[in-house]
Amino acid sequence: MRKIVHIDMDAFYASVEQRDDPQLRDKPVIVAWRGKRSVVCAASYEARKFGVRSAMPTVRAEQLCPNAVFLPPDFVRYRAVSQQVHEILKRHTDVIEPISLDEEYLDVSENKTGLPTATAVARAIRQQIRAELNLTASAGVGPNKFLAKIASDWKKPDGLFVIRPEKVDSFLLPLPVGRLPGVGKVTEEKLKSVGINTVEELRKEDVPSLESHFGRYGVRLYELARGVDDSPVVPDRITQSISSEDTFEQDALLAELEPMIRKLAEKTWTAARKESRMARTVVLKLKTSEFKILTRSHTPDTAPASCEEVTNIALGLRRRVELNPKQRFRLVGVGLSNFRYPEDLAAQPTLFG
(Lines give C-alpha, C1' and ligand atoms only; values in the text may rest on other atoms or scores of the structure.)
Protein backbone atom coordinates (compact mmCIF):
# COMPACT_ATOMS: atom_id res chain seq x y z
CA MET A 1 0.00 0.00 0.00
CA ARG A 2 1.34 3.41 -0.96
CA LYS A 3 1.88 6.29 1.42
CA ILE A 4 1.05 9.50 -0.45
CA VAL A 5 1.46 13.10 0.70
CA HIS A 6 -0.13 16.04 -1.09
CA ILE A 7 1.47 19.42 -0.36
CA ASP A 8 -0.61 22.50 -1.18
CA MET A 9 0.85 25.96 -0.54
CA ASP A 10 -1.65 28.30 1.09
CA ALA A 11 -2.83 31.19 -1.15
CA PHE A 12 0.61 30.87 -2.72
CA TYR A 13 1.00 33.93 -4.95
CA ALA A 14 -0.72 36.24 -2.48
CA SER A 15 1.27 34.78 0.43
CA VAL A 16 4.55 35.42 -1.38
CA GLU A 17 3.52 39.04 -1.93
CA GLN A 18 2.56 39.47 1.74
CA ARG A 19 5.79 37.84 2.89
CA ASP A 20 7.96 40.09 0.73
CA ASP A 21 6.13 43.33 1.59
CA PRO A 22 5.34 43.66 5.33
CA GLN A 23 2.85 46.45 4.59
CA LEU A 24 0.60 43.91 2.86
CA ARG A 25 0.32 41.56 5.82
CA ASP A 26 -3.18 41.16 7.25
CA LYS A 27 -4.60 43.06 4.26
CA PRO A 28 -6.84 41.63 1.53
CA VAL A 29 -4.47 41.02 -1.38
CA ILE A 30 -5.64 40.00 -4.84
CA VAL A 31 -3.10 38.94 -7.45
CA ALA A 32 -4.57 39.82 -10.84
CA TRP A 33 -4.24 42.10 -13.81
CA ARG A 34 -6.83 44.86 -13.80
CA GLY A 35 -9.27 44.84 -16.68
CA LYS A 36 -12.64 43.57 -17.82
CA ARG A 37 -11.21 40.37 -19.30
CA SER A 38 -8.87 39.46 -16.45
CA VAL A 39 -9.40 36.84 -13.77
CA VAL A 40 -8.05 36.45 -10.26
CA CYS A 41 -4.80 34.48 -10.07
CA ALA A 42 -4.81 34.26 -6.27
CA ALA A 43 -6.50 35.82 -3.25
CA SER A 44 -5.19 36.08 0.30
CA TYR A 45 -7.33 34.60 3.04
CA GLU A 46 -8.23 38.14 4.11
CA ALA A 47 -9.72 38.67 0.62
CA ARG A 48 -11.41 35.28 0.61
CA LYS A 49 -13.51 36.37 3.58
CA PHE A 50 -15.28 38.68 1.12
CA GLY A 51 -15.99 35.80 -1.27
CA VAL A 52 -13.07 36.38 -3.65
CA ARG A 53 -11.76 33.19 -5.27
CA SER A 54 -9.18 32.20 -7.87
CA ALA A 55 -10.39 32.28 -11.51
CA MET A 56 -13.12 34.77 -10.58
CA PRO A 57 -13.44 37.73 -12.99
CA THR A 58 -11.40 40.62 -11.64
CA VAL A 59 -14.36 42.97 -12.05
CA ARG A 60 -16.41 40.78 -9.72
CA ALA A 61 -13.56 40.64 -7.19
CA GLU A 62 -13.43 44.46 -7.16
CA GLN A 63 -17.15 44.55 -6.40
CA LEU A 64 -16.85 42.07 -3.54
CA CYS A 65 -13.73 43.59 -2.01
CA PRO A 66 -13.29 47.22 -3.16
CA ASN A 67 -10.59 47.92 -0.55
CA ALA A 68 -8.35 45.06 -1.66
CA VAL A 69 -4.79 45.64 -2.78
CA PHE A 70 -4.52 44.50 -6.40
CA LEU A 71 -1.09 43.38 -7.59
CA PRO A 72 -0.04 42.18 -11.05
CA PRO A 73 1.37 38.64 -10.90
CA ASP A 74 5.13 38.11 -10.88
CA PHE A 75 5.47 34.54 -12.14
CA VAL A 76 9.26 34.66 -12.34
CA ARG A 77 9.37 35.25 -8.58
CA TYR A 78 6.66 32.66 -7.87
CA ARG A 79 8.52 30.03 -9.90
CA ALA A 80 11.71 30.74 -7.96
CA VAL A 81 9.90 30.23 -4.63
CA SER A 82 8.19 27.12 -6.00
CA GLN A 83 11.61 25.71 -6.81
CA GLN A 84 12.72 26.37 -3.22
CA VAL A 85 9.71 24.39 -1.98
CA HIS A 86 10.58 21.59 -4.40
CA GLU A 87 14.13 21.42 -3.03
CA ILE A 88 12.74 20.92 0.48
CA LEU A 89 10.52 18.08 -0.76
CA LYS A 90 13.51 16.40 -2.45
CA ARG A 91 15.15 15.97 0.95
CA HIS A 92 12.47 13.41 1.75
CA THR A 93 11.86 11.53 -1.52
CA ASP A 94 12.70 11.62 -5.23
CA VAL A 95 9.22 10.39 -6.17
CA ILE A 96 7.62 13.81 -6.59
CA GLU A 97 4.97 14.86 -9.11
CA PRO A 98 4.54 18.63 -9.50
CA ILE A 99 0.96 19.53 -10.38
CA SER A 100 1.37 23.29 -10.44
CA LEU A 101 3.58 25.94 -8.89
CA ASP A 102 1.79 25.53 -5.57
CA GLU A 103 1.02 21.82 -5.23
CA GLU A 104 2.88 18.53 -5.52
CA TYR A 105 2.34 14.83 -4.80
CA LEU A 106 4.97 12.78 -2.98
CA ASP A 107 5.20 9.02 -2.65
CA VAL A 108 6.86 8.46 0.73
CA SER A 109 6.28 4.71 0.97
CA GLU A 110 10.02 4.84 1.46
CA ASN A 111 11.63 8.12 2.48
CA LYS A 112 15.21 9.38 2.58
CA THR A 113 15.15 10.69 6.14
CA GLY A 114 14.12 7.48 7.90
CA LEU A 115 11.01 9.01 9.47
CA PRO A 116 8.66 6.27 10.67
CA THR A 117 5.40 7.44 9.08
CA ALA A 118 4.06 9.50 6.19
CA THR A 119 2.47 11.78 8.77
CA ALA A 120 5.89 12.49 10.26
CA VAL A 121 7.23 13.30 6.79
CA ALA A 122 4.37 15.70 6.09
CA ARG A 123 4.84 17.37 9.46
CA ALA A 124 8.59 17.81 8.85
CA ILE A 125 8.01 19.29 5.39
CA ARG A 126 5.53 21.84 6.71
CA GLN A 127 7.91 22.86 9.50
CA GLN A 128 10.80 23.29 7.07
CA ILE A 129 8.73 25.38 4.65
CA ARG A 130 7.66 27.65 7.50
CA ALA A 131 11.14 27.98 9.00
CA GLU A 132 13.09 28.44 5.77
CA LEU A 133 10.64 30.24 3.47
CA ASN A 134 8.33 31.97 5.97
CA LEU A 135 5.32 30.51 4.16
CA THR A 136 2.66 27.99 5.16
CA ALA A 137 1.59 24.80 3.44
CA SER A 138 -1.29 22.44 4.04
CA ALA A 139 -0.68 18.72 3.75
CA GLY A 140 -2.86 15.68 3.20
CA VAL A 141 -1.79 12.10 3.81
CA GLY A 142 -3.57 9.06 2.41
CA PRO A 143 -3.12 5.63 0.81
CA ASN A 144 -3.54 7.09 -2.69
CA LYS A 145 -3.40 10.39 -4.59
CA PHE A 146 -7.07 11.24 -4.63
CA LEU A 147 -7.52 10.74 -0.88
CA ALA A 148 -4.35 12.73 -0.12
CA LYS A 149 -5.69 15.54 -2.30
CA ILE A 150 -9.00 15.65 -0.40
CA ALA A 151 -7.12 15.52 2.91
CA SER A 152 -4.88 18.51 2.12
CA ASP A 153 -7.96 20.69 1.69
CA TRP A 154 -9.60 19.48 4.90
CA LYS A 155 -7.82 21.77 7.38
CA LYS A 156 -6.71 24.66 5.18
CA PRO A 157 -4.94 26.93 5.73
CA ASP A 158 -1.80 25.72 7.49
CA GLY A 159 -3.24 22.31 8.32
CA LEU A 160 -2.39 18.63 8.28
CA PHE A 161 -4.99 15.90 7.87
CA VAL A 162 -4.49 12.15 7.61
CA ILE A 163 -6.85 9.56 6.11
CA ARG A 164 -5.69 6.18 7.38
CA PRO A 165 -6.48 3.06 5.32
CA GLU A 166 -8.83 1.66 7.95
CA LYS A 167 -10.70 4.98 8.14
CA VAL A 168 -11.33 5.48 4.40
CA ASP A 169 -14.97 4.39 4.47
CA SER A 170 -15.94 6.31 7.59
CA PHE A 171 -14.38 9.46 6.08
CA LEU A 172 -15.50 9.05 2.50
CA LEU A 173 -19.08 7.83 2.64
CA PRO A 174 -20.72 10.90 4.26
CA LEU A 175 -19.06 13.35 1.84
CA PRO A 176 -21.15 15.21 -0.74
CA VAL A 177 -20.27 14.01 -4.24
CA GLY A 178 -18.99 17.49 -5.08
CA ARG A 179 -15.93 16.84 -2.89
CA LEU A 180 -14.67 14.12 -5.24
CA PRO A 181 -11.83 15.22 -7.55
CA GLY A 182 -13.07 15.82 -11.07
CA VAL A 183 -16.69 16.26 -10.06
CA GLY A 184 -17.43 19.83 -11.12
CA LYS A 185 -20.71 21.70 -10.86
CA VAL A 186 -22.17 20.17 -14.02
CA THR A 187 -21.41 16.57 -12.99
CA GLU A 188 -22.55 17.27 -9.43
CA GLU A 189 -25.90 18.58 -10.65
CA LYS A 190 -26.29 15.60 -12.97
CA LEU A 191 -25.60 13.21 -10.08
CA LYS A 192 -28.12 15.01 -7.90
CA SER A 193 -30.70 14.84 -10.68
CA VAL A 194 -30.60 11.03 -10.46
CA GLY A 195 -30.79 11.05 -6.66
CA ILE A 196 -27.06 10.79 -5.84
CA ASN A 197 -26.03 13.40 -3.29
CA THR A 198 -23.40 11.63 -1.19
CA VAL A 199 -20.55 9.23 -1.80
CA GLU A 200 -22.51 6.59 0.11
CA GLU A 201 -25.37 6.90 -2.37
CA LEU A 202 -22.89 6.83 -5.26
CA ARG A 203 -21.38 3.59 -3.96
CA LYS A 204 -24.75 1.86 -4.30
CA GLU A 205 -24.66 2.32 -8.09
CA ASP A 206 -23.14 -0.31 -10.40
CA VAL A 207 -20.83 0.36 -13.34
CA PRO A 208 -23.43 -0.12 -16.13
CA SER A 209 -25.76 2.37 -14.46
CA LEU A 210 -23.05 4.98 -14.04
CA GLU A 211 -21.75 4.45 -17.57
CA SER A 212 -25.25 4.98 -18.95
CA HIS A 213 -25.31 8.45 -17.38
CA PHE A 214 -21.63 9.49 -17.48
CA GLY A 215 -19.96 7.41 -20.19
CA ARG A 216 -16.40 6.31 -19.47
CA TYR A 217 -16.23 8.66 -16.48
CA GLY A 218 -18.79 6.41 -14.82
CA VAL A 219 -16.06 3.83 -14.17
CA ARG A 220 -13.94 6.50 -12.49
CA LEU A 221 -16.88 7.53 -10.29
CA TYR A 222 -17.41 3.88 -9.32
CA GLU A 223 -13.77 3.64 -8.21
CA LEU A 224 -13.68 6.95 -6.37
CA ALA A 225 -16.77 6.02 -4.37
CA ARG A 226 -14.77 3.04 -3.10
CA GLY A 227 -11.62 5.01 -2.36
CA VAL A 228 -9.80 3.35 -5.26
CA ASP A 229 -7.09 5.24 -7.15
CA ASP A 230 -4.23 3.22 -8.62
CA SER A 231 -2.55 6.13 -10.41
CA PRO A 232 1.11 6.35 -9.35
CA VAL A 233 3.05 9.47 -8.45
CA VAL A 234 4.86 10.24 -11.71
CA PRO A 235 8.10 12.24 -11.33
CA ASP A 236 9.17 14.68 -14.05
CA ARG A 237 5.94 14.65 -16.00
CA ILE A 238 6.80 17.01 -18.82
CA THR A 239 4.15 19.22 -20.39
CA GLN A 240 4.70 19.49 -24.13
CA SER A 241 1.97 22.02 -24.88
CA ILE A 242 -1.17 23.66 -23.50
CA SER A 243 -3.96 24.88 -25.72
CA SER A 244 -7.59 25.95 -25.84
CA GLU A 245 -9.84 25.88 -28.88
CA ASP A 246 -13.46 26.44 -29.79
CA THR A 247 -15.72 25.57 -32.70
CA PHE A 248 -18.15 28.25 -33.90
CA GLU A 249 -21.86 27.70 -34.31
CA GLN A 250 -21.50 29.54 -37.63
CA ASP A 251 -18.33 29.82 -39.70
CA ALA A 252 -16.61 33.20 -39.29
CA LEU A 253 -14.24 35.42 -41.24
CA LEU A 254 -10.65 35.85 -40.07
CA ALA A 255 -11.31 39.51 -39.29
CA GLU A 256 -14.10 38.49 -36.91
CA LEU A 257 -11.99 36.20 -34.72
CA GLU A 258 -10.38 38.72 -32.38
CA PRO A 259 -12.87 38.33 -29.47
CA MET A 260 -12.52 34.53 -29.52
CA ILE A 261 -8.71 34.67 -29.79
CA ARG A 262 -8.61 36.96 -26.76
CA LYS A 263 -10.84 34.62 -24.78
CA LEU A 264 -8.82 31.52 -25.70
CA ALA A 265 -5.49 33.25 -25.01
CA GLU A 266 -6.74 34.11 -21.50
CA LYS A 267 -7.85 30.52 -20.93
CA THR A 268 -4.56 29.07 -22.16
CA TRP A 269 -2.49 31.52 -20.13
CA THR A 270 -4.48 30.71 -17.00
CA ALA A 271 -3.73 27.01 -17.47
CA ALA A 272 -0.05 27.62 -18.28
CA ARG A 273 0.59 29.75 -15.18
CA LYS A 274 0.27 26.60 -13.09
CA GLU A 275 3.34 25.12 -14.75
CA SER A 276 6.76 25.38 -13.15
CA ARG A 277 8.21 25.96 -16.63
CA MET A 278 7.66 28.84 -19.03
CA ALA A 279 6.42 28.54 -22.60
CA ARG A 280 8.57 30.01 -25.36
CA THR A 281 6.23 29.60 -28.34
CA VAL A 282 2.72 30.86 -29.07
CA VAL A 283 0.62 28.91 -31.59
CA LEU A 284 -2.51 29.94 -33.49
CA LYS A 285 -4.61 27.10 -34.90
CA LEU A 286 -7.37 27.53 -37.48
CA LYS A 287 -9.70 25.12 -39.24
CA THR A 288 -11.37 26.29 -42.43
CA SER A 289 -14.99 25.60 -43.34
CA GLU A 290 -13.54 22.89 -45.64
CA PHE A 291 -11.88 21.25 -42.57
CA LYS A 292 -8.34 22.20 -43.59
CA ILE A 293 -6.16 22.83 -40.53
CA LEU A 294 -3.68 25.72 -40.48
CA THR A 295 -1.18 26.58 -37.74
CA ARG A 296 1.03 29.60 -37.29
CA SER A 297 3.55 30.01 -34.48
CA HIS A 298 5.99 32.55 -33.13
CA THR A 299 8.86 32.23 -30.66
CA PRO A 300 9.82 35.68 -29.34
CA ASP A 301 13.30 36.51 -28.04
CA THR A 302 12.04 36.23 -24.45
CA ALA A 303 9.31 33.97 -23.11
CA PRO A 304 5.89 35.68 -22.90
CA ALA A 305 5.47 36.88 -19.33
CA SER A 306 1.83 37.97 -19.35
CA CYS A 307 -1.56 37.15 -20.82
CA GLU A 308 -1.39 40.41 -22.76
CA GLU A 309 1.82 39.32 -24.49
CA VAL A 310 0.34 35.95 -25.45
CA THR A 311 -2.81 37.63 -26.74
CA ASN A 312 -0.93 40.17 -28.84
CA ILE A 313 1.27 37.49 -30.40
CA ALA A 314 -1.74 35.29 -31.20
CA LEU A 315 -3.56 38.23 -32.78
CA GLY A 316 -0.46 39.09 -34.76
CA LEU A 317 -0.24 35.57 -36.16
CA ARG A 318 -3.48 36.19 -38.05
CA ARG A 319 -1.51 38.39 -40.46
CA ARG A 320 0.46 35.33 -41.54
CA VAL A 321 -2.67 33.55 -42.75
CA GLU A 322 -2.51 34.30 -46.47
CA LEU A 323 -5.95 33.24 -47.63
CA ASN A 324 -8.81 34.94 -49.41
CA PRO A 325 -10.34 37.54 -47.03
CA LYS A 326 -13.69 35.87 -47.66
CA GLN A 327 -12.42 32.50 -46.41
CA ARG A 328 -14.47 31.32 -43.45
CA PHE A 329 -13.29 29.34 -40.46
CA ARG A 330 -15.10 26.86 -38.22
CA LEU A 331 -12.53 26.59 -35.38
CA VAL A 332 -9.82 28.67 -33.73
CA GLY A 333 -7.32 27.70 -31.05
CA VAL A 334 -4.50 29.34 -29.08
CA GLY A 335 -1.66 27.25 -27.70
CA LEU A 336 1.63 27.52 -25.81
CA SER A 337 4.52 25.15 -26.36
CA ASN A 338 8.30 24.79 -26.13
CA PHE A 339 8.32 24.88 -22.33
CA ARG A 340 11.59 25.63 -20.54
CA TYR A 341 12.68 26.07 -16.93
CA PRO A 342 13.39 29.72 -16.02
CA GLU A 343 17.03 28.93 -15.19
CA ASP A 344 17.49 27.38 -18.65
CA LEU A 345 16.07 30.51 -20.27
CA ALA A 346 18.40 32.71 -18.28
CA ALA A 347 21.38 30.61 -19.32
CA GLN A 348 20.68 30.94 -23.05
CA PRO A 349 22.87 33.60 -24.71
CA THR A 350 21.25 36.03 -27.09
CA LEU A 351 21.90 35.33 -30.74
CA PHE A 352 24.04 38.41 -31.28
CA GLY A 353 25.03 39.14 -27.69
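The values are calculated or read from the model by the stated rules, or taken from the named source; none is laboratory data. This structure is a prediction, so every number in the text was calculated from the model and none was measured. Backbone-built Cβ (ideal geometry, glycine too); neighbour counts: all protein chains shown.
Just a few scattered comments:
- Total residues in region 189-214, condition under 29 Å from Ile4 (Cα atoms) and either at pLDDT below 90 or of a type in the set (Gly, Ala, Ser) (or both): 1
- When region 77-131 is filtered for residues that are more than 17 Å from the chain's Cα centre (by Cα) and over 16 Å from Val5 (Cα atoms), the ones remaining, listed by number, are Arg77, Ala80, Gln84, Arg130, Ala131.
- Set Gln18, Gln23: member being more than 18 Å from Ala271 (Cα to Cα), in a helix (DSSP H, G or I), in contact with a strand residue (DSSP E or B) (Cβ under 8 Å, 6 or more places away or on another chain) and not aromatic (Phe, Trp, Tyr): Gln18
- Filtered by the rule that a residue be over 29 Å from Lys155 (Cα atoms), assigned to a helix (DSSP H, G or I) and among the acidic types (Asp, Glu), region 176-226 gives a lone residue, Glu211.
- From the list Phe70, Phe161, the one residue that fits, being surrounded by 19 or more Cβ atoms within 10 Å (Cβ to Cβ), free of Cβ contacts under 8 Å to residues at least 60 places away in the same chain and either outside any helix (DSSP H, G or I) or assigned by TED's automatic domain parsing to the domain that holds Ser44 (or both), is Phe161.
- Unique residue being in the same structural domain as Ala314 (by TED's automatic domain parsing), assigned to a strand (DSSP E or B) and within 26 Å of the chain's Cα centre (by Cα) when the list is Thr270, Thr281: Thr281
- Screening Lys3 on (1) modelled with pLDDT of 95 or more; (2) surrounded by 19 or more Cβ atoms within 10 Å (Cβ to Cβ); (3) touching a strand residue (DSSP E or B) at 6+ places or on another chain (Cβ under 6 Å) shows it passes everything except condition (3).
- Among residues of region 298-344 being in a helix (DSSP H, G or I) and small (Gly, Ala, Ser), the one that is nearest to Thr239 (Cα to Cα) is Ala314.
- Meets criteria (within 12 Å of Tyr13 (Cα to Cα) and either of a type in the set (A, V, I, L, M) or assigned to a helix (DSSP H, G or I) (or both)) for Ala80: yes
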